[in-house]
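Structure first, then comments.
The values are calculated or read from the model by the stated rules, or taken from the named source; none is laboratory data. Small disclaimer: the values here were computed from a predicted structure and weren't measured. So basically every Cβ, Gly included, is an ideal-geometry build from the backbone, and we count neighbours across all protein chains shown.
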Amino acid sequence: MLDFPTWKKAMLWLVAVLGMLAALPSLLSLTGTSWPDSLPDPTINLGLDLAGGSHILLEADPAQVATQRIDNLEESVRSTMRGAEPRLRIGDVSTRGGRLSFMVDDASEVDRARELLLPLINGTGTVREWDLQVVDGQRFVLTPTEQGLTEAVDQAMDSAKEVIDRRINALGTREPTIIRQGDNRIVVQVPGLQNPRQVKELVGKTARLEFKLVDLNALPADVQQGIAPPGSEIVPYAASSDFPGQSIAVQRLGGIRGDNLTGAQQNFDAQTNEPVVNIQFDADGGRRFAKLTSENVNKPFAIILDGEVLSAPNINEPIRGGSAQISGGFTVEGANQLAISLRSGALPVDLAVVEERTVGPDLGADSIRQGLIAMGVGTLLVIGLMIVTYGRFGVYATVALVINVLMLLGIMAALNATLTLPGIAGFVLTIGAAVDANVLVNERIREERKRGRKVISAVETGYKEASRAIYDANITNFIAGVLLFQFGSGPIKGFAVVLVIGLFTSVFTALPLTRMWVAGWLRRARPSDLNL
């Protein structure tokens, strides 16, 4: 019990002091005192309920998912039939009525066509995605199943949530709350951002990038009337392009999508000095892009973003190396936001803003003030009770409690954690639970003294035996906290963060730290009895 080497004391004090120092910038910010710019300034971020911020509700249209699935299936069917050996010819392809139908040219090839289609309609999951029928002997009809569409919408919303999370974090905003609401809605809350415009522009942009060949057979008069040749579609020019208000005909299938992008950075054009976005493809995308440009030299291809043509440059030579440049009358901010959107990936479905509001910081300031009052009152009551009940050991427990709170603040600041209103509740709970360990130790020491053990033996046995129960209790609390953080959302995560960090700081201050102080006092004073 009395054997506390110098290195161990130094280590314990170093951990405690570093934890408390990390809390200083956050404490000074509450008092309005500035922190020196030359020093590191880890501070605790405040959640939406404390700092205010932007709240946006996004909604997706399930019908768009259904349309995308039909288009993807058509492209897959054409590619599969074209790549079969020998090639299987089909015609009279139609996507009317939300289903895909086509004719097999040779009736003797119906069975082979069905075998080629089975991997496409079964998908990779446990749900059958398409129903297959053969009518009139040669016509295949593929109809989406309700279960398949439901699963596709669910996957699209999960993917959209991940993309939004990457985009918001790319702004440098810490701890946004991004959760699904219902089947086709996503809630986005960004603390500290009072103007939701930037968030709307970022998360509302689908960032679906496509490179498609221009249909040179389309008549300009027909294009302006919205009439496209078979196999093509009319796409309008973006307002920021060189031809605002006009449209162009592009081949509907084929081309390259932005799914294969590995990077996107805002830059400036070397000749015009206009803001542009440089993009890089992965190996597969670079190979396909080189093939597209090699096979279509001296032909124009359209760069399409979210259904609007940014530009339609001519392919002067094959573009190899897996990189390209996107221009379209961008501002620096617009090019940077587009680069962020492309880096984070395209949204699998368009999201419309159906609700937006700004939460002011006034309520948060009241919550912080009331939370601090609750923490202060609770701390004073606990300190008074501990000192009256346990004397010197109560003083050790209260000093450990103060260090515990400061270390908890410091670690949260160092981890850039976010403090929410439930987090304040976690603080108050931590204060109450922090002295539990000392109560267990002190009561066990009392029991050992009543059994006749000497002072040092009673203290040593009390710490040893009580530690087992303390560690067991905190392990179960730690598991609960991790599960709350893993499966909870927003406010629940804020509570879980404080709970988990508080477990470590409470055990550290209540056991090794107070044990070091008690050992030092016993070594100096050699008391014959304890005032417990």
Answer yes or no: is there a residue in region 103-122 that is touching a helix residue (DSSP H, G or I) at 6+ places or on another chain (Cβ under 6 Å), more than 30 Å from Thr177 (Cα to Cα), of a type outside the set (Gly, Ala, Ser) and in contact (Cβ under 8 Å) with a residue 40 or more places away in the chain. yes
Please verify whether Met412 is under 18 Å from Leu50 (Cα atoms) and in a helix (DSSP H, G or I), treating the condition exactly as stated. yes
Do you know which residues across region 301-333 are surrounded by 16 or more Cβ atoms within 10 Å (Cβ to Cβ) and more than 38 Å from the chain's Cα centre (by Cα)? Ile315
Report the residue count in region 264-299 for those that are surrounded by 15 or more Cβ atoms within 10 Å (Cβ to Cβ), closer than 15 Å to Pro318 by Cβ and among the hydrophobic types (A, V, I, L, M, F, W, C). 4
Any chance Ile90 is at pLDDT 85 or above, of a type in the set (Val, Ile, Thr), in contact with a Ser or Thr (Cβ under 7 Å, 6 or more places away or on another chain) and not assigned by TED's automatic domain parsing to the domain that holds Ala352: no
Consider Arg167 carefully, then state whether it is touching a Leu at 6+ places or on another chain (Cβ under 7 Å), of a type in the set (D, E, K, R), modelled with pLDDT of 80 or more and in a helix (DSSP H, G or I). no
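Listed here are the residues, each with its yes/no results for (1) modelled with pLDDT of 80 or more; (2) in contact with a strand residue (DSSP E or B) (Cβ under 7 Å, 6 or more places away or on another chain); (3) assigned to a loop (DSSP other than H, G, I, E, B); (4) among the charged types (D, E, K, R).
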| residue | (1), (2), (3), (4) |
| --- | --- |
| Lys8 | yes, no, no, yes |
| Asp41 | no, no, yes, yes |
| Leu50 | no, yes, no, no |
| Leu58 | yes, yes, no, no |
Could you give me the residue pairs with C-beta distances under 6 Å whose first residue belongs to region 264-292 and is under 10 Å from Ala324 (Cα atoms) and in the same structural domain as Phe330 (by TED's automatic domain parsing), whose second residue is of a type in the set (Asp, Glu) and part of a helix (DSSP H, G or I) wherever it lies, and which are 6+ apart or on separate chains? none
If Glu460 satisfies every condition in (1) crowded, with 19+ Cβ neighbours inside 10 Å; (2) not in a helix (DSSP H, G or I) but one, which is the exception? (2)
